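Novice: Before I ask anything, here is the structure I am working with.
The values are calculated or read from the model by the stated rules, or taken from the named source; none is laboratory data. It should be emphasised that the depicted structure is a prediction, and the values quoted were computed from it without experimental measurement. Virtual Cβ from ideal backbone geometry, glycine too; neighbours counted across all protein chains shown. Keep in mind that these areas ignore ligands, DNA and RNA; they rest on the heavy atoms of the full protein, side chains included. Shrake-Rupley method; radii C 1.70, N 1.55, O 1.52, S 1.80 Å.
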Amino acid sequence: MTPGEVVVSGVGHTRFGRLDGEGLESLVVEAVRAALADAAVPGGAVDAVFFGNFNAGMQPMAFGSSLALQADEGLLGVAATRVENACASGSAAVHQGIQAILAGAADTVLVVGAEKMTDSSPETVGRALLGADYDAAGTASRHGFAGLFAAVALEYQRRYGAIGDEMAWIAAKNHGNGLANPYAHLRRDLGFEFCRDVSDANPMVADPLRRTDCSPVSDGAAALVLQRGDLAARSLARIAGYSQSSDYLPAARRDPLAFEGTKAAVAQAFKMADRTLSDLAFAEVHDCFTIAELLVYEAIGLAGPGRAKDVVDAGITHKDGKLPVNPSGGLKSKGHPVGATGVSQHVLAALQLSGRAGDMQVPHAGVGLVHNMGGLAVANYATIMESV
């Protein structure tokens, strides 16, 4: 069986944001019910459940794999497994589902990713997220990875020159895109000047990263149904290629600007799909910070080292550009409930490829890339998805 025989047959997505009236269970149940209904698949037809969830002490409930069973009594008895790989936990769960089908172990798989983060203090969230870093694990922080990515931005500027305006353009682009996303946490078109200027409303979080350079702490869930293509009642998108590549965990063993793991994962996924960068109609990439999106431009081949600013200046990644990046608003605007993020990216890609993305829709969306990473480009996932 080839990856192209695995299809997305249904999707579900909660709103992302500060959801005070929701818990992890209610978010999972909402997303799962929506995905099963969208696929017209009863719970009893599901062979396996994979649950993407990071947690790391943000919630007392650390064993949520069976929460999906609360959505449909037909799911009782189905094998449910929690999958964790830092901020790439969602994509890790998606890829486990793909592999289960390709291995012949399942015909229909339910994948759900969820995180409930806003109940925890900034200190708890920051410490939890830093558990994904070799050097900072166990240290206290209100800002999590902001300080680590700020150091990356400073190194980029040291080598290649100032990028404050380029990061602001990325933030403004993604906020503008997020305005069209009904699921997004931050549905505010802030504009370039607001994102560029440091102010009381847009303070410096970790120099040179302003608040608008950082994705928000969010709650939310997303789910999708994967099936063998010949069994699916309908198909929203097919999986054409996928890959995971891991880099060294200690920062001292990595060039912080190279994103070697991302390069490898994307290249391998393109090879499996027999596609190239020029085939893409859009990409959903992991913009936890604007400097991350800038570096992804170089890692996927849009620009050479130090030349990502040319991509920004030319408007290539805007919604009406040659390659729209994060038409959903990305993590920057949509939000980043870490266990849900990778699943959400695949859901939004499937909506694009099936022409169901509403105001987010990219014209002629036939091939899309999903890129999700855990840590500072340590765990890297890439999926090439195609319309059916």
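Novice: With the radius of gyration and the Kirkwood radius both derived from the Cα set of the stretch 319-388, what is their ratio Rg to Rh?
Specialist: Ratio value, two decimals: 0.96.
Novice: Find how many whole Å separate the alpha carbon centroid of the stretch 108-136 from the alpha carbon centroid of the stretch 226-255.
Specialist: That distance is 21 Å.
Novice: Still on this structure, I have one more. Say the dipole of the chain comes from +1 at the beta carbon of Lys and Arg and -1 at that of Asp and Glu; which of Val111, Ala264, Pro182 then lies farthest toward its positive end?
Specialist: It is Ala264.
Novice: Next question, about the same structure. Near Glu30, within a Cβ-to-Cβ distance under 11 Å, what is the net charge of the other residues, with Lys and Arg +1 and Asp and Glu -1?
Specialist: Combined, the nearby Lys, Arg, Asp and Glu give 0.
Novice: Excluding residues on the same chain fewer than 8 positions from Lys263, give the lysines whose Cα lies under 21 Å from its Cα.
Specialist: Output for Lys263: Lys271, Lys309, Lys322.
Novice: Between Ala201 and Asp165, with labels modelled 7 Å along Cα→Cβ, what's the label distance in nm to one decimal, could you check?
Specialist: So the label points at Ala201 and Asp165 sit 2.3 nm apart.
Novice: List the relative contact order of the chain as a percent without decimals, with contacts defined as Cα pairs under 8 Å and 6+ residues apart.
Specialist: 26
Novice: With viscosity set to 1.567 mPa s at 4 °C, what whole-number translational diffusion coefficient in µm²/s follows for the stretch 59-110 from Stokes-Einstein and a Kirkwood radius over Cα pairs?
Specialist: Answer from the Stokes-Einstein relation: 106 µm²/s.
Novice: What FRET efficiency comes out for Ala258 versus Glu73 if R0 is 45 angstrom and r is the Cβ-Cβ distance? Round to the nearest 0.05.
Specialist: For R0 = 45 Å, the calculated efficiency reads 0.35.
Novice: Given +1 on the Cβ of Lys and Arg, -1 on the Cβ of Asp and Glu, and no further charges, what dipole in debye does the chain carry about its Cα centre, rounded to the nearest 20?
Specialist: About 300 debye.
Novice: Would you please give the residues with an amide H less than 5 Å from that of Arg210, counting only those at least 5 places away or on a separate chain, with H modeled from the backbone geometry?
Specialist: Those qualifying (amide H under 5 Å, at least 5 residues apart or on another chain) are Val205.
Novice: How much mean residue ellipticity at 222 nm does the chain get from its helices, if each DSSP H run of length 4 or more adds -39500 (n - 2.57) and you divide by all residues, to the nearest 500 deg cm²/dmol?
Specialist: Mean residue ellipticity at 222 nm (helix-derived): -10000 deg cm²/dmol.
Novice: Let me ask something else. With a 1.4 Å probe and every protein chain kept in, tell me what percent of the accessible surface of the stretch 214-279 is carbon plus sulfur.
Specialist: Roughly 47 percent, rounded to a whole number.
Novice: Starting at 0 and stepping by 5 Å, how many percent of the alpha carbon pairs of the stretch 55-184 end up in each bin?
Specialist: Each 5 Å bin holds this share of Cα pairs: 2, 8, 12, 13, 16, 17, 13, 9, 6, 2, 1, 0.
Novice: Multiply the residue separation of Leu277 and Arg234 by 0.36 nm, subtract the distance between their alpha-carbon atoms, and state the gained length in nm to one decimal.
Specialist: So the extension gain works out to 12.7 nm.
Novice: Taking the inverse of the average 1/r across all pairs of different Cα atoms in the chain, what Kirkwood radius in Å do you get?
Specialist: Kirkwood radius, the chain: 20.2 Å.
Novice: Sticking with this structure for a sec: For the stretch 11-107, count all C-alpha to C-alpha pairs, find those more than 24 Å apart, and express that count as a whole percent of the total.
Specialist: The calculated P(r) of the stretch 11-107 puts 18 percent of pairs beyond 24 Å.
Novice: Under 37 °C and 0.692 mPa s, how fast does the stretch 186-263 diffuse according to Stokes-Einstein, given a Kirkwood radius computed over C-alpha pairs? Answer in µm²/s, whole number.
Specialist: For the chosen part, D equals 186 µm²/s.
Novice: Could you run the Karplus curve 6.51 cos²θ - 1.76 cosθ + 1.60 with θ = phi - 60° over the stretch 369-374 and give me ³J(HN,Hα) per residue in whole Hz, x for Gly and Pro?
Specialist: Each residue's phi maps through the Karplus curve to give 10, 10, 10, 9, 9, x Hz.
Novice: For the stretch 1-136, what is the charge dipole size about the Cα centre, in debye to the nearest 20, if Lys and Arg each add +1 at the Cβ and Asp and Glu each add -1 at the Cβ?
Specialist: 60
Novice: What longest range of the chain stays clear of loop-exposed chymotrypsin sites (Phe, Trp or Tyr not before Pro) (DSSP non-H/G/I/E/B, at most 13 other C-beta within 10 angstrom)?
Specialist: Longest stretch, sites excluded: 64-247.
Novice: Assuming R0 = 35 Å, what is the FRET efficiency of Asp47 and Ser121, from their Cβ-Cβ distance, to the nearest 0.05?
Specialist: 0.30
Novice: I would also like to ask the following. Could you state the accessible area per residue of the chain in Å², with a 1.4 Å probe and every protein chain left in place?
Specialist: Here the per-residue accessible area is 36 Å².
Novice: Taking Lys116 as the anchor, which aspartates and glutamates have their alpha carbon closer than 19 Å to its alpha carbon, excluding any fewer than eight residues away along the same chain?
Specialist: Of all the aspartates and glutamates, those that pass the test against Lys116 - Cα under 19 Å, at least 8 places apart if same chain - are Asp20, Glu22, Glu25, Glu30, Glu84, Asp219.
Novice: Let me ask something else. Calculate the length of the line joining the C-alpha centroid of the stretch 294-356 to that of the stretch 358-388, in whole Å.
Specialist: Rounded to whole Å, the Cα centres lie 8 Å apart.
Novice: Could you please report the charge total around Pro305, scoring K, R as +1 and D, E as -1 over all other residues with beta-carbon less than 13 angstrom from its beta-carbon?
Specialist: After counting each charged neighbour, the total is -1.
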